[in-house]
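All of the numbers you see were taken from the coordinates with simple rules; none came from a lab. Quick caveat, the model's predicted, so the values are computed rather than measured. Every residue, glycine as well, gets a Cβ built from its backbone with ideal geometry; the counts of neighbours run over all protein chains shown.
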Amino acid sequence: MSTEPSLPHPELLAAIPRLRRYARVLTGETTRADDLVQETLARAWEKRRLWAAGTDLRAWLFTIMHNVFVNQRALARRDAQNVSIDGDEDGNAAWQIPVRAMQQTRVELMEILREVGRLPVDQRVVLVLAAVEEMRYEEIAAVLSIPVGTVMSRLSRAREKLRRVAQATPTEPSTLKIVK
Amino acid sequence: MNPLPLTDADLNAYVDGALAPARAAEVEQVLAKDAAITARVAEMRQQNSALREALDPWLADPIPPALLDAARMPQASARWRRFAPYFAAAATLLLGVASGWYLRDVTLERGGTPTTFARQAALTHALYAGDINRPVEIWAAEEKRLVTWLSRRLGLAVHAPDLNGAGFALVGGRLVAGNERPTALFMYENADKQRLSLQVRKQPPGTSEVAFRYAIEDGVGVYYWIDDACAYALSGQLDRAQMLTIGRAVYAQLAAAETGTPLK
């Protein structure tokens with residue numbers, strides 16, 4: 001048996017659907033999301049010595065993905081200083097995941113996807129990690145390199161926003177706009 | 001006792017199960033008395049479950065080959081020679097897991113040979129049964145929603161058989177992207193935390209029926225059979241006799257459901 005450190009393949013494969021989903025939440029589109037997953041997997045293999053076997057592979061991969069995302073964005077902006085997704089104005093643009101990729105026919109689910117897509121990206125990712133990935137607040141804080149208190153305040157703001165939207169638009173199909 | 005006033009952060013943490021037990025108990029005291037806060041908590045729970053329901057289908061999207069490749073250990077040429085044995089073993093594993101997505105189960109479709117299916121079922125079982133925190137996408141508490149969702153995605157009315165008689169309670173279920181056809185997985189657990197999974201998928205028309213068969217794949221025992229339009233696999237690390245008993249119970253319940261007898 002070789003002593004070369006490695007990553008467990010079945011778990012790596014099993015993590016791909018979740019990585020893709022989180023990448024879509026981060027980037028707001030499908031093609032860039034898959035590029036991000038690919039880069040994340042490549043980086044994971046490069047850094048495999050840093051993974052402590054037996055610890056949560058998914059959380060480790062999410063952390064790598066977050067860093068790759070932040071770095072890519074820094075390069076894109078040619079602004080390597082003080083870059084994070086915090087207070088990001090890009091996040092306010094609605095995501096461009098086509099309805100077909102959402103595979104949703106239920107109106108209220110499409111509605112919630114649309115509203116999540118409108119959250120600033122820093123709030124959107126915290127909400128998805130907590131509510132959908134069911135990560136603990138400490139894990140989320142580690143993935144995003146932010147304090148736990150910040151995780152909580154973003155989560156609270158995200159939920160408050162979704163709630164206001166839900167109250168402002170009661171479920172009347174006639175008032176819905178189709179997501180382009 | 002005079003608990004601290006509730007903050008929005010408390011409520012969020014309560015909904016996410018992130019509060020210390022003592023504080024959670026205080027929140028529950030307030031909930032018992034305050035209908036508005038109770039409604040707010042219910043609303044947040046509803047939001048969480050709608051979000052999961054909206055985003056979970058993305059998990060079943062077929063994985064592009066480029067990403068399957070990226071999950072493979074990179075093969076720098078010198079390294080490849082040094083670690084060839086390890087890589088070969090890894091590639092075999094990868095091939096086994098990926099065969100559903102990548103080779104589209106050619107073997108099964110061509111010859112009706114279920115070897116691939118059993119192996120795939122065993123590997124899928126091993127992946128999810130070993131996942132302590134999230135073995136399933138939808139928990140048994142929402143069984144009705146789970147069954148509706150899986151039936152819709154499979155294009156087939158599926159049921160979660162009741163295995164309480166054998167000491168196994170339903171944990172929940174998930175959709176598995178193991179094939180060009182989605183596969184439904186129901187997970188069960190007994191008091192000793194042993195887990196069983198039942199996987200169901202639609203077969204292409206004309207697939208020949210296969211009676212109960214047993215295989216051991218990577219240490220996981222799999223009972224599988226193909227019945228009309230469906231393939232079933234019951235996987236677990238129990239002894240064979242126990243697996244057979246449970247397999248028969250599953251089969252009997254499914255047969256009863258097919259002939260229209262209501263399941264209870």
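So, with +1 on the Cβ of K and R and -1 on the Cβ of D and E, and no other charges, what is the size of the charge dipole of the stretch B:8-57 about its Cα centre, to the nearest 20 debye? It would help to have the intermediate numbers written out before the result.
Details: 5 positive and 9 negative charges, 14 e Å.
Using Cβ point charges on Lys, Arg, Asp and Glu, the stretch B:8-57 gives about 60 debye.
Report, as an integer, the average count of C-beta atoms from other chains found within 10 Å of each Cβ along A:18-26. The partial results should precede the final answer.
Details: counts 3, 2, 6, 6, 2, 0, 3, 2, 0.
Mean shielding by partner chains, rounded to a whole number: 3.
With 28 Å as the limit, write out which pairs from A:Lys47/B:Lys193; B:Lys144/B:Lys202; A:Lys47/A:Lys161 have Cα-Cα distances beyond it, or answer none. Intermediate results must be reported in sequence, preceding the final value.
Details: A:Lys47/B:Lys193 34 Å; B:Lys144/B:Lys202 20 Å; A:Lys47/A:Lys161 38 Å.
As for pairs spanning more than 28 Å Cα to Cα, those are A:Lys47/B:Lys193; A:Lys47/A:Lys161.
What is the gain in length, in nm to one decimal, between B:Ser151 and B:Ala211 on full extension, counting 0.36 nm per residue of separation less the C-alpha to C-alpha distance? Display every interim value, and only then the final one.
Values: separation 60, 0.36 × 60 = 21.60 nm, distance 2.38 nm.
Extra length from B:Ser151 to B:Ala211 when fully extended: 19.2 nm.
Arranged by the count of other C-beta atoms within 10 angstrom, fewest first, what order do B:Lys144, A:Lys47, B:Lys202 take? Working shown, then result.
Values: B:Lys144 9, A:Lys47 12, B:Lys202 19.
So the ranking, lowest neighbour count to highest, is B:Lys144, A:Lys47, B:Lys202.
Quick one: dipole size for the stretch B:121-185, taken about the Cα centre, charges +1 on Lys/Arg Cβ and -1 on Asp/Glu Cβ, in debye to the nearest 20. Before the final figure, lay out each step's value.
Details: 7 positive and 6 negative charges, 39 e Å.
Here the size comes out at about 180 debye.
Label points 7 Å out from Cα along the Cβ direction at A:Ala53 and B:Asp239: separation in nm?
For the pair A:Ala53/B:Asp239, the computed spacing is 3.1 nm.
Take the Cβ-Cβ distance between B:Asp69 and A:Arg32 as r, set R0 to 25 Å, and report the resulting FRET efficiency rounded to the nearest 0.05.
Working: r = 19 Å, r/R0 = 0.74.
Once rounded, the FRET efficiency stands at 0.85.
Using a 7 Å offset from the Cα along the Cα-to-Cβ direction at both A:Arg118 and B:Ala42, what is the distance between the two label points in nm, to one decimal?
According to this spin-label approximation, the distance is 2.6 nm.
Provide the net charge surrounding B:Tyr14, with neighbours chosen by a C-beta distance below 11 Å and charges set as Lys +1, Arg +1, Asp -1, Glu -1. The partial results should precede the final answer.
Values: positive: B:Arg23, B:Arg40, B:Arg45; negative: B:Asp8, B:Asp10, B:Asp16, B:Glu26, B:Glu28.
Around B:Tyr14, the charge tally is -2.
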